[in-house]
Amino acid sequence: MLSGYYNDAMARLEDTIAKFLTRKEKTVAVAESCTGGLLSHRLTNIPGSSKYFKLGVIGYSNESKIAILKVSRKDLNDSGAVSQSVAIAMAKNIRRIAHTDFGLSITGIAGPSGATVKKPVGLVFICLAKKNGAFCHKFIFKGKRPSIKNQSADAALKILKQHL
């Protein structure tokens with residue numbers, strides 16, 4: 001678990017991803033909710049990131065998920081903003097909108113409010129969309145809001161790295 005906002009281990013992961021994306025001439029776009037731009041920040045904190053990072057959208061409200069990320073109102077009503085179906089739609093749609101090789105999404109409950117019995121604080125869905133499909137992962141992270149946001153961004157970066 002990370003104790004701070006930024007450390008050397010995180011930089012190494014981001015550097016590795018930047019090298020892979022640049023060398024393989026692959027691009028990524030990000031749609032994030034509960035992380036509020038942290039994932040986009042981490043991916044663009046590397047010099048030369050404009051070669052691989054094409055778009056980042058913080059779709060925090062349901063309205064922005066519908067209007068910008070083209071998530072269906074039905075999915076939001078049926079499953080809620082924090083769900084696998086919404087994470088998949090966010091990842092697929094940001095990839096399509098930005099014309100990238102990868103679309104990466106995060107939606108979750110960073111807390112301390114917003115939780116229910118079925119959807120506790122720390123519940124996060126991270127999805128990676130690419131040409132041959134979408135891969136969604138469910139997590140329940142522990143800790144306070146900053147820790148959950150950091151853990152979510154870390155997990156998303158690790159998922160992207162695995163698919164490179």
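The values are calculated or read from the model by the stated rules, or taken from the named source; none is laboratory data. Keep in mind that what you see is a predicted model, and the values were worked out from it rather than measured. Glycine gets a Cβ as well: all are built from the backbone with ideal geometry, and neighbour counts include every protein chain shown.
Under 9 Å between Cβ atoms, which residue pairs at least 6 apart in sequence (or on different chains) link something in segment 39-52 that is at positive phi and without any contact (Cβ under 8 Å) to a residue 40 or more places away in the chain with a partner that is surrounded by 14 or more Cβ atoms within 10 Å (Cβ to Cβ) and of a type in the set (A, V, I, L, M, F, W, C)?
These pairs meet every condition: GLY48/ALA18.
In segment 131-164, what count of residues is obtained for those that are closer than 23 Å to ASN45 by Cα and either touching a helix residue (DSSP H, G or I) at 6+ places or on another chain (Cβ under 8 Å) or not β-branched (Val, Ile, Thr) (or both)? Give the steps one after another, and end with the answer.
At the first step, the residues of segment 131-164 found to be closer than 23 Å to ASN45 by Cα are 145-164.
Then keep just the ones that are either touching a helix residue (DSSP H, G or I) at 6+ places or on another chain (Cβ under 8 Å) or not β-branched (Val, Ile, Thr) (or both); that gives 145-147, 149-158, 160-164.
Residues flagged as closer than 23 Å to ASN45 by Cα and either touching a helix residue (DSSP H, G or I) at 6+ places or on another chain (Cβ under 8 Å) or not β-branched (Val, Ile, Thr) (or both) within segment 131-164 amount to 18.
Residues checked against (1) of a type outside the set (Asp, Glu); (2) buried (at least 19 other Cβ atoms within 10 Å of the Cβ); (3) without any contact (Cβ under 8 Å) to a residue 60 or more places away in the chain; (4) more than 29 Å from LYS26 (Cα to Cα):
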{"position": "GLY122", "(1), (2), (3), (4)": "yes, yes, yes, yes"}
{"position": "PHE125", "(1), (2), (3), (4)": "yes, yes, yes, no"}
{"position": "LEU128", "(1), (2), (3), (4)": "yes, yes, yes, no"}
{"position": "GLY133", "(1), (2), (3), (4)": "yes, no, yes, no"}
{"position": "LYS138", "(1), (2), (3), (4)": "yes, no, yes, no"}
{"position": "PHE141", "(1), (2), (3), (4)": "yes, yes, yes, yes"}
{"position": "LYS144", "(1), (2), (3), (4)": "yes, no, yes, yes"}
{"position": "LYS149", "(1), (2), (3), (4)": "yes, yes, no, no"}
{"position": "ASP154", "(1), (2), (3), (4)": "no, yes, no, no"}
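Select, from SER105, SER33, the only residue that is touching a Cys at 6+ places or on another chain (Cβ under 6 Å), hydroxyl-bearing (Ser, Thr, Tyr) and in contact (Cβ under 8 Å) with a residue 40 or more places away in the chain. Don't jump to the end; show me each part of the working.
Values: SER33 fails: touching a Cys at 6+ places or on another chain (Cβ under 6 Å).
When all the criteria are applied, what remains is SER105.
Restricting to segment 113-156, give me the number of residues that are within 19 Å of ILE17 (Cβ to Cβ) and either of a type in the set (Asp, Glu) or part of a loop (DSSP other than H, G, I, E, B) (or both).
2
Return the residue satisfying two criteria in turn: it lies in segment 93-110 and is within 12 Å of the chain's Cα centre (by Cα) and within 23 Å of ILE140 (Cα to Cα), and of such residues it is surrounded by the most Cβ atoms within 10 Å (Cβ to Cβ).
Looking at the filtered set, the residue picked out is SER105.
Any residue in segment 68-82 that is under 17 Å from CYS34 (Cβ atoms) sitting within a Cβ distance under 9 Å of a residue that is modelled with pLDDT of 95 or more and aromatic (Phe, Trp, Tyr)? List the pairs, counting only those 6 or more apart or interchain.
VAL82/PHE125
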